[in-house]
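Before any comments, here is the structure.
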Amino acid sequence: VKDAALRVARATLSGELMARNVAMDMLEAGNLALQTNKLLGQPTVKSKVVSKPKGLLGRMKRTLYNGWHGVKSVVGCKSKSTPGEAAAAAEKAAAVGEPQKMNCTPRKTIKTVLIALVVGFVVFVLLASFWLYILLAAVAFWAYLRLPFFLGWIASECITRFAMFGYPISFRTIILTPWLELRKGNSPKLWLLVQAGDFSLANPPSLKCPHKSFVTAAAVQILVTVDLCFLWPLIRRGELEPLLIHIGSIEVRQATLVFELRKHQLNINGLVRELADREVAAKLGISPGAPLDRAPPAEEKQGCSSC
């Protein structure tokens, strides 16, 4: 810049126009540097106070001097502005019209992080609940398909333990079809259609017959009607009236009876005898395999005293 100023100063009158253009360019550069320093908050280098130049050559020297020190302040001074001040200066420069590079990367703030967490949690819950509903529906469908087998096992265990006193009886499947009959002037009735599959009544375990079952049937269908008139006295007064159960029909398909002679007696006789022994043993409170020809000691003493 100094060399340019010297060349301009030594220019002849014919090159005055060229020197003037160079001086104007330097003046614009100096003004731009001063404006940038003000926006960035940087200290500016003040030019020396000189007397008002006289003539064209003096004005050219002053212009070159100001432009040189403006450029020097931009290049030589270190920036002491903070990131916030630099951003504000960039915004001001953009407002003035200077092109700025736009950063389109979204900034991570607490609000955006919380929104992302909430949205992710909602999506996770929806997906988890969707698969959970599908799993529950599959389990319910499987339980519905296996329900006849479960009812058959429950019926077999209950009848064997409580009705037959431990004598084996089994149902593989049971299907229940209930409906309620309501007629004006009559008590309500509960209709129940019971369909049992693979029914079997075992041979007496004490005889040890070759065949396991005495009676088998592929299917048994029973239509039962229960009169619900006993419910009103039971609810109102707490009294249990006789329960009326009507068996409409019994249908047995592919029934098989196996008669065998074991230990000089038929299996049917052994079945009746064992059922009676089990019932008496349950009444006396002894095990089914215990002999029944002796009574408990307390009863023997009581019988002797009465004699």
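Once the Cα-Cα distance is subtracted from the 0.36 nm per residue extended length, the Leu190 to Glu157 segment shows a gain of 9.4 nm.
Applying 0.36 nm per residue to the separation of Phe124 and Ala276 and subtracting their alpha-carbon distance, the gain on full extension is 48.3 nm.
Between the amide H of Glu260 and those of Asn267, Ile268, distances stay under 5 Å, these residues lying 5 or more places away or on another chain, with hydrogens modeled in the peptide plane.
Between Gln221 and Ser287, the modelled label-to-label distance comes to 4.5 nm, taking each label 7 Å out from Cα in the direction of the beta carbon. Calculate what fraction, in whole %, of the accessible area of the stretch 103-186 sits on carbon and sulfur atoms when a 1.4 Å probe is rolled over the protein chains. Carbon and sulfur together cover 76 percent of it. Applying 0.36 nm per residue to the separation of Thr109 and Arg183 and subtracting their alpha-carbon distance, the gain on full extension is 19.4 nm. Judged by the gyration tensor of its Cα atoms, with axes a ≥ b ≥ c, the stretch 183-271 is prolate; a/c meets the 1.5 cut and a/b is the larger of a/b and b/c. Using the Cβ-Cβ distance between Phe149 and Ala116 with R0 set to 51 Å, the FRET efficiency from 1/(1 + (r/R0)^6) comes to roughly 0.55.
May I ask you to rank Leu117, Leu271 by accessible area, largest first, using a 1.4 Å probe over the protein chains only?
Details: Leu117 110, Leu271 15 Å².
Descending accessible area places them as Leu117, Leu271.
Each Lys or Arg adds one and each Asp or Glu subtracts one; over the other residues with Cβ under 12 Å from the Cβ of Val226, this totals -1. With contacts taken as Cα pairs under 8 Å at a separation of at least 6 residues, the stretch 136-243 carries a relative contact order of 19 percent.
Leu151 contributes about 50 Å² of solvent-accessible surface, heavy atoms of the protein only, 1.4 Å probe.
The values are calculated or read from the model by the stated rules, or taken from the named source; none is laboratory data. Only a predicted model underlies this, so the values are computations on that prediction, with no experimental measurement involved. Reconstructed Cβ throughout: ideal geometry from the backbone, glycine too, with neighbour counts over all protein chains shown. These area figures cover heavy atoms from the full protein model, side chains too; ligands, DNA and RNA do not enter into them. Shrake-Rupley method; radii C 1.70, N 1.55, O 1.52, S 1.80 Å.
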